[in-house]
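Please read the structure below before turning to the comments.
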Amino acid sequence: MPGEELEGRPADGRPALERKRGCAGREGWKAILAGFTMRGGRHTADTWMKEDRIDRALRFPAQGWAVGDIEGVYEHVNPQMRKERLDALEARWRGSRRRILRVAS
């Protein structure tokens, strides 16, 4: 299956480590996109969700963050909120595909 060889690997790559005493070593691999980092990807995703007015009750868990204040205790996600986030992501996806196809033609 395409991409299967990347499954479970960080998308921003990692350097190889030489095998030596006390270190089993490991293979390295390149990032999926030059200059891409997971940190940058998280910040970009959060910025896009803010632009799309996605509530933080959905944004924070998507980023793996915990909401540590009292408001976070009482915030709850409902199906409508999930639908709005999905619609916003779909719109971004479709828009990016249109731009890619325009550039390619």
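What follows draws every value from the coordinates through simple rules; no lab data is involved. All of these numbers come straight from a predicted model, not from anything done at the bench. Backbone-built Cβ (ideal geometry, glycine too); neighbour counts: all protein chains shown.
Descriptive notes on the structure:
- Taking only the C-alpha atoms of the chain, the Rg (one decimal) and the largest Cα-Cα distance, Dmax (whole number), read 18.8, 55 Å.
- Charge dipole of the chain (Cα centre as origin; +1 on each Lys and Arg Cβ, -1 on each Asp and Glu Cβ, all else neutral): 500 debye, rounded to the nearest 20.
- F36/N78 FRET efficiency (R0 25 Å; Cβ-Cβ; nearest 0.05): 0.15
- Dipole-positive endmost among S105, G13, W48 within the chain (Cβ charges, Cα centre): S105
- Cα-based reach from K83 at 24 Å (exclusive), listing lysines while leaving out same-chain residues under 8 positions away: K50
- Computed extension gain for W48 through Q63, at 0.36 nm per residue and net of the alpha carbon distance, reaches 4.2 nm.
- FRET efficiency, E27 to R99 (Cβ-Cβ, R0 41 Å, nearest 0.05): 0.70
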